[in-house]
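Chemist: Once you've had a glance at the structure underneath, I'll fire off some questions.
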Amino acid sequence: MKKVLIPLDYHPTSKEVAKAGVELANAMGAKACLIHVLEDIQFYNMSYPGFFGADIYSIGQFSPKTDEESYEVAREFLSKASKDLNTDCEVFVCEGDTASAILKYAKEWEADTIVLGTYSHNVLQKIIGTVAARVIEKSPVPIYMVPIEK
Amino acid sequence: MKKILIPIDYHPTSKRVVEEGFKLARGLGARVCLIHVIQDLQLYHMSHPGFSAYGGYHMIRNVHSLAEAQKVAEKILEENTQDSDIESEIYISKGDPALAILDYATSWGADIVVIGTHSQNVLEKFLTGSVATEVLERAKIPVYMVPVKK
C-alpha cells in the first residue's frame, strides 16, 4: 500500500482523523495526501437583480478572483495542517460535490485507502456523516474509519 | 508491533476481506489474528419429539463445529501467509458476532479491525443493522472497511 488519501474539512475533529491517517501512512512508508473540497463556490458571492423597485441584493463583491482566493485559503489550510502534523503531505484542493470529488480524486491519484472519521455521540452510537456514508458506499478501495471520541 | 484483527465467516466475500487485511498487515509489518465467531449453534441442530406413530426427528449437523471452524480458519490462514513472514494466529469464539469480535479486539489488544461491507447501500445497513455496522459503531479502534462488490 502506497497512497493514503485524507479528506479534511474545517471541523475540529478533522485534526484527529488526519493525525490517524498520517500515522497510518508513516507506519507503512506510504504517501499521504490531504484533500479539501470546496463546495458550491458560487454561494460565497450572491447577487440578485432588483425587482419591484427593490434594490439589488448582493453579498460580497463578485470577482473572478473569488475562486482563486478560496483555493488559496484552502491550500494554506492544508499546508498548515501538514506542517502541524510534522509530515510532508501532498495537498489537493478541488471543488464540487464533496463525496464525488473525493472519490474522483482517489481514483485519479490512485489512492489505496481513504481515511474518514466516525463521530461518537455517546458510548453506544456513532454517527457517520452523509459525506462519509456516500464515500463508503461508492468507494472501490478500503476505507480506514477513525473513531473520534468527544 | 501493530495487531490486526480480521473476522471471517463462510461467505465467499471473506476472501477479499482477508486479502486486503493481509495487504494492510504487510504494509504495516503487523501481526494478524483471524477470528471466527460461531453463532447460535443450536440453529444448526434440529430435533422434534415423536408423537403417535411419528418416531420423532433428530438431526445433528455438526457443520459448524468448533473443529471445522478451526480447520477452515487454518486453511484461509495458510492461503494467505504463503510467501510471507507475517505472524498470524487463529481465534474461534462463540456468541453474538459483533460483540465477540469487539471483546476479542480489546483483550487481544488489536490496533485495527478489518471488516467487509457487502452492501452497496450503507444507509440500508445502518437501518437494518449488521455485524459490520455494529462493529463500526462500537469500536474504539480504527476499522478498515473493505468494499466487497456483489
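The values are calculated or read from the model by the stated rules, or taken from the named source; none is laboratory data. Small disclaimer: the values here were computed from a predicted structure and weren't measured. Neighbour counts are summed over all protein chains in view; Cβ atoms, including those assigned to glycine, are modelled from backbone coordinates with ideal geometry.
Chemist: If I ask for residues that are in a loop (DSSP other than H, G, I, E, B) and at pLDDT 90 or above, which ones from region A:9-29 would you list?
Modeler: The answer is A:Gly29, and nothing else.
Chemist: So which residues in region A:132-150 are more than 7 Å from chain B (Cβ to nearest Cβ) and either over 15 Å from the mean Cα position of the chain (by Cα) or surrounded by fewer than 22 Cβ atoms within 10 Å (Cβ to Cβ) (or both)?
Modeler: Result: A:Arg134, A:Lys138, A:Val141, A:Ile148, A:Glu149, A:Lys150.
Chemist: Has region B:39-57 got any residue that is touching a helix residue (DSSP H, G or I) at 6+ places or on another chain (Cβ under 6 Å), at pLDDT 80 or above and not in a helix (DSSP H, G or I)?
Modeler: No.
Chemist: So is A:Phe51 modelled with pLDDT of 65 or more and farther than 30 Å from A:Met1 by Cβ or not?
Modeler: yes
Chemist: Restricting the search to region B:71-97, which residues are part of a loop (DSSP other than H, G, I, E, B) and either within 12 Å of the chain's Cα centre (by Cα) or modelled with pLDDT of 85 or more (or both)?
Modeler: Hits for region B:71-97 are B:Ile86, B:Glu87, B:Gly95, B:Asp96.
Chemist: Quick check on this structure: which one of B:Lys140, B:Lys149, B:Lys125 is within 14 Å of chain A (Cβ to nearest Cβ), in a loop (DSSP other than H, G, I, E, B) and modelled with pLDDT under 90?
Modeler: The unique qualifying residue is B:Lys149.
Chemist: List the residue pairs whose Cβ atoms are under 8 Å apart, where the first residue sits in region B:26-40 and is basic (Lys, Arg), the second is assigned to a strand (DSSP E or B), and the two are 6 or more positions apart or on different chains.
Modeler: B:Arg31/B:Lys3; B:Arg31/B:Ile4; B:Arg31/B:Ser88; B:Arg31/B:Glu89
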